[in-house]
1. Taking the Cβ-Cβ separation of Lys43 and Gln72 as r and a Förster radius of 25 Å, what is the calculated FRET efficiency to the nearest 0.05?
2. Through the Karplus equation 6.51 cos²θ - 1.76 cosθ + 1.60, θ set to phi - 60°, convert the phi angles of segment 31-38 into ³J(HN,Hα) values in whole Hz; use x for Gly and Pro.
3. Counting only protein heavy atoms and using a 1.4 Å probe, what share of the accessible area of segment 25-89 belongs to carbon plus sulfur, as a whole percent?
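The values are calculated or read from the model by the stated rules, or taken from the named source; none is laboratory data. Because the structure is predicted, anything quoted here is derived from the model rather than measured. All Cβ positions, glycine included, derive from the backbone under ideal geometry; neighbour counts span all protein chains shown. When the accessible area is computed, the model is the full protein with side chains, heavy atoms only, and any ligands, DNA or RNA have been set aside. Shrake-Rupley method; radii C 1.70, N 1.55, O 1.52, S 1.80 Å.
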Amino acid sequence: VLFISVLFLTLLLFFLALFPGAFNCCMKISDEIPKRILRRVEKFELQKADSLCHLEAVILYIESRKFCVSPQIKKVKKWMKKNKHKMPRRKPHSRKQRRMKITKKKEQKQ
């Protein structure tokens with residue numbers, strides 16, 4: 001019994017290491033959302049339907065809670081256009097991009 005428990009725990013940890021986002025996907029989405037909730041959103045993310053997550057969704061974060069809504073809701077589309085600053089920014093991946101920005105700044109100073 002102990003061996004089976006240890007084996008199960010090991011397999012679970014291995015799965016979590018391989019697929020870290022598998023348990024953060026929205027499994028259900030709402031087709032409507034009240035304006036009062038949209039006003040309180042601190043940040044949002046877009047979930048794409050890919051190999052890990054099977055639904056397209058907009059994830060809204062309010063006070064450490066997460067709401068999954070359809071990206072097709074007109075109210076949500078309009079809200080996202082106005083609130084792009086609440087979407088987490090992605091950092092440039094390549095070092096080359098960073099070097100180019102630094103050299104451009106140096107050229108502008110001279």
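1. It comes out at approximately 0.75.
2. Once θ is set to phi - 60°, the couplings for segment 31-38 become 8, 8, 8, x, 4, 4, 6, 4 Hz.
3. 51 percent
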